[in-house]
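Each value in this text was obtained by applying a stated rule to the coordinates, not by laboratory testing. Quick caveat, the model's predicted, so the values are computed rather than measured. Every residue, glycine as well, gets a Cβ built from its backbone with ideal geometry; the counts of neighbours run over all protein chains shown.
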Amino acid sequence: MKHIIWPLLFLLVAVRYFTARPVYQNGDRIRISATVYQNAVKYPSSQFLKIAGLEIYLPKYPEISYGDKLVLEGTVEGRKLKKPQIVSIDKKTSLLPLVRNKIIDFIGEVLPQPESGLLAGILLGAKSQLDPDFYDKTKATGVAHVVVASGTNVTFVVSFLAAALFLFLPRKKAIPFVILGIILYLFIAGFDAPLVRAAIMSSCLFLSQATGRLSNPKRILILAAAGMLIINPQWIADLGFWLSFASTAAILLFRARIHAFLSRVPAVIREDLSTTLSAQIGVTPILFVSFGYFNILSPLINVLVLWTVPPLMLIGALGGVLGLAVPLLGKLVLLTAYPMLWWFTRVVEFFG
Amino acid sequence: MEERSWKTVFKAVALILSLLALAVFQVPDPSFHIVACDVGQGDATLIIYKNSQILVDGGPDSKVLSCLGRHLPFWDREIELVVLTHPDSDHFAGLIEVFEKYKVDNYLYNPLSISKPEYKVLENLGGREGVKQIYPLKGRAVGVGLIRLDILSPSGDGTGTEKNQEAAQEIPDNATNDYSIVSLVSFGKFRMLLTGDMPPAVSDQIAASWNSGPVHYIKTPHHGSKHGMTQNLLKAVMPKLAVISVGKNMYGHPAHEILDMLNLNGIKYLRTDEKGDIEVVSDGEKYWIK
């Protein structure tokens, strides 16, 4: 039985992939109705979306964000939908995307760029607010995983939730709330592949703690990948999906060994350095092939900035949520994030 | 107290101290600053004196926000005056972001109606409560702190009169340059000419009616296009420094005719596509390039 499961899983993914491929032909004029689950990528004069496996470039306004219900018409050309026209757009119908957008707007009103874009990215993976030049520099320095929707975001949210809840509740009782919090975060931040991946994995790990079962993170990783591809086969062409899995796999495989190897490195930076170094092993080949980026200093840069991420998430979440109710108070809290954001941007700009 | 609480207190104090240090570091100096923002192909000129700012045009996208971030203290979220010279995308699109993220007190623009949907977004933002609209009239002067802005064009031939937005004059999208707001900005004895995308006809008009001596600084009209500055204008206003706000483009900006014209007249010029942000500082008498 045990040996059959893995090939079977692979087969299932393959079948899903081939049967879920769209049925329309080149030149077809089609109409798509969809709810947007990922945020549109903003370019200076346009925005980019992927719906129903088709790449779509739309004018910059109206802005499309996660949660919008969209009806589009266009002509299929290969993987692209050409001459797209928005038939109707139903904006911000649900509460959580609305909360997300309000928090991002508030951060943008309180802090200057690029610091505000950086904070929105760290807190919610909101790449849309990043200055394009600054975003390129984060990619070149190898810290983009902090500012785009990535497993790093989820990992920090989970650590906070767990730390906070374990103070008040016994571990077993707290775990369902932690998992609930993870799902809530997913609804606020959007369903980008890396976030979903990290959410599934951390939920599984906590579940196994709660039920007292032994868990194997490597197996959970593969199951999460397969499960995600069965539900949404389009993710197979998503770079974020691959980066997320490659980095996690590499961390699982190499982190312990690197950590042991760095026994002489001061404890303050040993954790971040060994995580970063091991993740690099996984993502470097992918980044190099797809963007031509390779930065030998990337682990060092990560060590220089990663320590700011947990406090920034805390300040950002506190200030953002407070700001929705009492803007002045939220503003004061968010301003305390400025020194760390300043440091982060200076490091990226220095090395970028 | 336990060691852990001490650590937390220590971290909080360090955070507040670094915040104060950065704040002190960013307190504006008492000089007059002009920054030609590097916004790619487009215009965005930021004028700063102490805590007052004037932003003339916003470039084509959100890059202008980073320019504001680089040159304003981090706590200053208010821009005293925003000027839109004319409604072309490479001048107005970035202002949408500025209106969304900053508190704008005054908005000087020409009430023109064009067909671009993005411009409707800006019209709504510019008409928001709390924003005072100012319409350009030839001869009108606007003061922000010690900065004075004299409007030289449009000349009041039907546009730029006291109209509300509903009555905005409809013009074709390709005629916007003719309505560019041209202004003379002065701080003490320092003077600069801001020209938007004014065409040669307007350039000659301004040259013909010019009677106020040389200027220190000219924003080269229309990104250095040959459909912009004229020899007559240079002769009349005799600028010492010309700044060309330009990025990668397919129109051949800046035109070699214009660069030759500047060279022949012995005028030093700087380009944002080569230098990035171009910051000129003045104490009201002398000026220097930072």
Quick check on the exposure proxy: order B:Asp88, A:Asp133 from fewest to most C-beta atoms within 10 angstrom. A:Asp133, B:Asp88
Can you give the FRET efficiency for A:Ser215 and A:Phe166, using 1/(1 + (r/R0)^6), R0 = 25 Å, r = Cβ-Cβ distance, to the nearest 0.05? 0.85
I'd like the mean, over residues of B:68-77, of how many other protein chain beta carbons sit within 10 Å of each residue's own Cβ. 4
Of A:Pro114, A:Pro97, A:Pro176, which is the most mobile in a GNM of chain A whose springs link Cα atoms less than 10 angstrom apart? A:Pro176
What Kirkwood radius, in Å to one decimal, follows from the Cα pairs of the stretch A:102-165? 12.1
Considering only DSSP states other than H, G, I, E and B, which chymotrypsin sites (Phe, Trp or Tyr not before Pro) in the stretch A:254-352 qualify as loop sites with at most 13 other Cβ atoms within 10 Å? A:Phe294
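Let me know the charge dipole size of chain B about its Cα centre in debye, to the nearest 20, where only the beta-carbon of Lys, Arg (+1) and Asp, Glu (-1) is charged.
Roughly 800 debye for chain B.
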All-pairs Cα distance distribution in the stretch A:301-349, expressed in whole percent, bin size 5 Å: 5, 24, 27, 19, 13, 8, 4, 0
Part-to-part distance (alpha-carbon centres) for the stretch A:46-87 and the stretch B:229-290, which is given in Å: 41
Let me confirm one metric for peptide A:103-112, namely the mean number of other chain beta-carbon atoms within 10 Å of its residues' beta-carbons. 4
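Could you list B:Asp43, B:Asp277 in order of exposure, starting from the residue whose Cβ has the fewest other Cβ atoms within 10 Å?
Fewest-to-most ranking of B:Asp43, B:Asp277: B:Asp277, B:Asp43.
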Can you give the Kirkwood hydrodynamic radius for the stretch B:132-287, in Å, rounded to one decimal and based on Cα pairs? 16.4
Divide by every residue of the protein assembly as shown the summed helix terms, -39500 (n - 2.57) for each DSSP H run of at least 4, and state the resulting mean residue ellipticity at 222 nm, rounded to the nearest 500 deg cm²/dmol. -15500 deg cm²/dmol
Counting other Cβ atoms within 10 Å, keep those with at most 15, restrict to DSSP loop, and tell me which chymotrypsin sites (Phe, Trp or Tyr not before Pro) in the stretch B:85-144 are left. none
One computes Rg over Rh for chain A from alpha-carbon atoms, with the Kirkwood Rh, and obtains 0.96
Specify the inter-centroid distance of the stretch A:100-168 and the stretch A:252-314, based on alpha-carbon positions, in whole Å. 18
Partner lysines whose C-alpha sits under 26 Å from that of A:Lys137, ignoring same-chain residues fewer than 8 away, are A:Lys42, A:Lys50, A:Lys60, A:Lys127, B:Lys63, B:Lys101, B:Lys248, B:Lys275, B:Lys290
Distance between the stretch B:40-83 and the stretch B:121-139 - C-alpha centres, whole angstrom: 17
Rounded to the nearest 0.05, what FRET efficiency do B:Thr8 and A:Ser159 give with R0 = 22 Å and r taken as the Cβ-Cβ distance? Could you check? 0.85
Cα convex hull of the stretch B:29-289: how many Å³ per residue? 113
GNM flexibility winner over chain A from A:Asp238, A:Asp192, A:Asp90 (Cα, springs under 10 Å): A:Asp90
Output the lone cysteines of the protein assembly as shown: those with no second cysteine's C-beta under 4.7 Å from their C-beta. A:Cys204
Could you name the lysines whose alpha carbon sits less than 22 Å from that of B:Lys11, not counting residues in the same chain fewer than 8 places away? A:Lys331
GNM on chain B, Cα springs under 10 Å; top mean-square fluctuation among B:Val121, B:Val246, B:Val82 goes to B:Val121
Can you compute the modelled spin-label distance between A:Lys102 and B:Ala201, with each label point 7 Å from Cα toward Cβ, in nm? 5.2
Summed side-chain charge close to A:Glu73 - residues other than A:Glu73 whose Cβ falls under 13 Å, Lys, Arg +1, Asp, Glu -1: +3
Roughly speaking, what is the stretch gain from B:Leu20 to B:Leu137, that is 0.36 nm per residue apart minus the C-alpha to C-alpha distance, in nm to one decimal? 37.7 nm
What helices does chain B hold that run 30 Å or longer along their axis, going by alpha-carbon atoms, with a Kyte-Doolittle average of 0.0 or more, using DSSP H for the helix calls? B:3-25
For the pair A:Tyr37/A:Glu349, report the inter-label distance in nm, with labels modelled 7 Å from Cα in the Cβ direction. 3.9
The protein assembly as shown - convex hull of the alpha-carbon atoms, volume per residue in Å³: 184
Say the dipole of the stretch B:29-289 comes from +1 at the beta carbon of Lys and Arg and -1 at that of Asp and Glu; which of B:Pro73, B:Ile96, B:Val215 then lies farthest toward its positive end? B:Val215
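By count of other Cβ within 10 Å, fewest leading, how are A:Glu115, A:Glu109 ordered? Each step should come with its number before you reach the end.
On the way: A:Glu115 25, A:Glu109 18.
By the 10 Å Cβ count, ascending: A:Glu109, A:Glu115.
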Residues whose modelled amide H sits under 5 Å from the amide H of B:Lys103, counting only those 5 or more places away in sequence or on another chain, are B:Glu78, B:Ile79
Simple spin-label model, 7 Å along Cα-to-Cβ: A:Val87 to B:Asp283 in nm? 6.8
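Which whole number gives the average, over all residues in B:112-121, of C-beta atoms from other chains lying within 10 Å of the residue C-beta?
Per residue, the number of nearby Cβ atoms from other chains is 2 on average.
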